[in-house]
Amino acid sequence: MSKKWMIAALCAVGLVGCGKQEPIGEVYYLNFKPEVELAWMEIAREYTDETGVPVNIVTSAGGEYDFTLEDEMQTKNPPTLFHVNGPMGLKKWQEYCVDLGDTTIYTALTDKELALHGKDGEVYGIPLTIEGYGIIYNEKILDKYFDLPQAKVESIDDVKSFEMLKLLVEDMQMNAEELEIVGVFSVTSLLPGEDWRWQTHLLNMPIYAEFKDKGITDSDVIEFTYNENFKNIFDLYINNSTTDPGLAKNRSVLDSITEFALGQVAMMQNGNWAWNQIKGARGNIVKEDDIKFLPIYVGLEGEENQGLVIGNENYLCVNVNATEEDKQATIDFLDWLVTSKNGKNVMVEKLGNIAPFNTFTDNEKPSDPLAQSILDHMDKGEIAVPWVFQSFPSQNFKDAFGAKLTEYTLGTKSWEEIVDETIKLWTAEKILAGE
């Protein structure tokens, strides 16, 4: 098995001789997110203990999943369970995917449109969760700011636009010493492979706005109409963080999360999946009750009613080239996650999933603060921003845009150059994706 791209692997062996039947078939899951690696290892152990079925968990390095999948699909024992990143990913991997239309996990979806479908209605991918991201903030630090006699913003309830967000952030930065923080935002991680918060998640905002204006969900060309909106929020991040913009190219997402967990900053852009890393950070001092979400305001019309960016990008697929025994074992594992008492418990408690399945009751929702904040925002009736980055041309496009952001922070390329190159690169990569 290729190790070049791997962070860790766990082989959960069958419990032959422990009073259980020797299993038929096994599961090999190629995990997409390093931040939930330990949770999946626990799930694998629990499933093997309960059923005797071996479950191998292998986790790809951040930003390298597609390359890892390509390598692993060429081995003698390729993954039986893997991720496809939306419609663009399906174009590449569809021939490897089992039609899951007759499975329990598909039937249990609260909305069948959440699944990833082929042109003829086949069901090739199933989302395990609805996720959300935005600006995570430490309420304790913000309350300390609001209590300052010189504070220019009185309450988080006043922050409903980019204008107010900018006023809040820059005034907090001016009072950083009194607030006992290093910076308002944690470091802008631009290390290659660690820049997905900006080249994917933040870029989602202007592309979403452009597509919305045009009434489309995808396009072979973009005008990058809202590039200044992206620049404004990105500048706000890099100019009010813990680290000089020119040094961000060497910093990781974990650095960012650690700064937040240690109370060194008030805010960071990330998603609800970051909770386990915040909670598990050595020296963490941030209390659960103080962790909340704020929408990413970038100056769009009507953004006072805007919510978090909510959706899903990781569709689980079963390898059609696996043995019949392994395919069935993998489908049984997925069904266990959404139907059994233990499976649902690990989905909620270990993964923190907001599960989009009718098998989960109102009492079977994650209790972690970020998931709860997402649910609170959804209950407010805010207009959620969809995950349009699923239509981005390729991983190469995203990586190249991330590299351009590094050039911008280093001052080696102007914003105008970046805009022009990004527009051209989108078209070029869309052409390649269509070949």
With the structure loaded, tell me whether residue 157 is at pLDDT 90 or above, surrounded by fewer than 21 Cβ atoms within 10 Å (Cβ to Cβ) and part of a helix (DSSP H, G or I) or whether it fails that test. yes
Report every pair of residues separated by at least 6 positions or lying on different chains whose Cβ atoms are under 9 Å apart, first residue within the range 231-256 and outside any loop (DSSP other than H, G, I, E, B), second among the β-branched types (Val, Ile, Thr) and open to solvent by 30 Å² or more (accessible area, probe 1.4 Å). 241/182; 255/242; 256/242
Log entry, pairs with first residue in the range 90-106 being closer than 18 Å to residue 394 by Cα, second being open to solvent by 20 Å² or more (accessible area, probe 1.4 Å) and aromatic (Phe, Trp, Tyr), beta carbons closer than 7 Å, six or more apart or on different chains, reads 90/124; 94/124
Within the range 106-117, of all residues that are part of a loop (DSSP other than H, G, I, E, B) and at pLDDT 90 or above, the one nearest to residue 332 (Cα to Cα) is 108
Test: residue 192 is in contact (Cβ under 8 Å) with a residue 12 or more places away in the chain and either assigned to a helix (DSSP H, G or I) or under 20 Å from residue 167 (Cα atoms) (or both): no
Restricting attention to the range 160-170, which residues are more than 15 Å from residue 242 (Cα to Cα) and surrounded by 15 or more Cβ atoms within 10 Å (Cβ to Cβ)? 160, 161, 162, 164, 165, 166, 167, 168
Counting only residues that are in contact with a Gly (Cβ under 7 Å, 6 or more places away or on another chain) and open to solvent by less than 20 Å² (accessible area, probe 1.4 Å), which one in the range 276-309 is nearest to residue 229 (Cα to Cα)? 296
Just for the range 56-93: of the residues that are of a type in the set (D, E, K, R) and more than 17 Å from the chain's Cα centre (by Cα), which one is farthest from residue 196 (Cα to Cα)? 76
Residue in the range 55-71 that is in contact (Cβ under 8 Å) with a residue 24 or more places away in the chain, open to solvent by 20 Å² or more (accessible area, probe 1.4 Å) and closer than 19 Å to residue 335 by Cβ present: yes
Of (1) crowded, with 21+ Cβ neighbours inside 10 Å; (2) closer than 28 Å to residue 147 by Cα, residue 178 satisfies every one except (1)
Residues within the range 360-378 that are of a type in the set (Ser, Thr, Tyr) and in contact with a Lys or Arg (Cβ under 7 Å, 6 or more places away or on another chain), tallied: 1
So residue 76 ticks every box in (1) of a type outside the set (A, V, I, L, M); (2) without any contact (Cβ under 8 Å) to a residue 12 or more places away in the chain; (3) part of a strand (DSSP E or B) but one. Which box is left unticked? (3)
Might you check whether a residue that is basic (Lys, Arg) and more than 21 Å from the chain's Cα centre (by Cα) occurs anywhere in the range 240-259? no
Give me the strands (runs of 3 or more DSSP E) completely within the range 1-70, filtered to those with at least 1 residues that are touching a His at 6+ places or on another chain (Cβ under 8 Å) and at pLDDT 55 or above, ordered by residue number. 27-31
Residue count for the range 385-428, restricted to those that are farther than 25 Å from residue 245 by Cβ, surrounded by fewer than 20 Cβ atoms within 10 Å (Cβ to Cβ) and touching a Pro at 6+ places or on another chain (Cβ under 9 Å): 3
Candidate set from the range 387-424 (those that are under 19 Å from the mean Cα position of the chain (by Cα) and in a loop (DSSP other than H, G, I, E, B)); member that is farthest from residue 209 (Cα to Cα): 394
Quick count over the range 113-133, residues being farther than 26 Å from residue 307 by Cβ and open to solvent by less than 10 Å² (accessible area, probe 1.4 Å), is 1
So which residues in the range 97-118 are in contact with a Leu (Cβ under 9 Å, 6 or more places away or on another chain) and among the hydroxyl-bearing types (Ser, Thr, Tyr)? 103, 104, 106
Identify the single condition in (1) in a strand (DSSP E or B); (2) of a type outside the set (D, E, K, R); (3) modelled with pLDDT under 90 that residue 384 does not satisfy, given that it satisfies every other one. (3)
Which condition number does residue 131 fail, the rest of (1) closer than 24 Å to residue 366 by Cβ; (2) assigned to a strand (DSSP E or B); (3) modelled with pLDDT of 95 or more being met? (3)
Only one of (1) at pLDDT below 95; (2) in a helix (DSSP H, G or I) does not apply to residue 166, and that is (1)
Within the range 33-83, restricting attention to residues that are touching a Phe, Trp or Tyr at 6+ places or on another chain (Cβ under 7 Å) and of a type in the set (S, T, N, Q), which residue is farthest from residue 321 (Cα to Cα)? 60
Hey, residue 370 buried (at least 22 other Cβ atoms within 10 Å of the Cβ), closer than 27 Å to residue 165 by Cα and in contact with a strand residue (DSSP E or B) (Cβ under 7 Å, 6 or more places away or on another chain) or not: yes
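The values are calculated or read from the model by the stated rules, or taken from the named source; none is laboratory data. Since this is a predicted model, take the numbers as computed values, not measurements. Reconstructed Cβ throughout: ideal geometry from the backbone, glycine too, with neighbour counts over all protein chains shown. Calculation scope for accessible area: heavy atoms of the full protein, side chains included, ligands and nucleic acids excluded. Shrake-Rupley method; radii C 1.70, N 1.55, O 1.52, S 1.80 Å.
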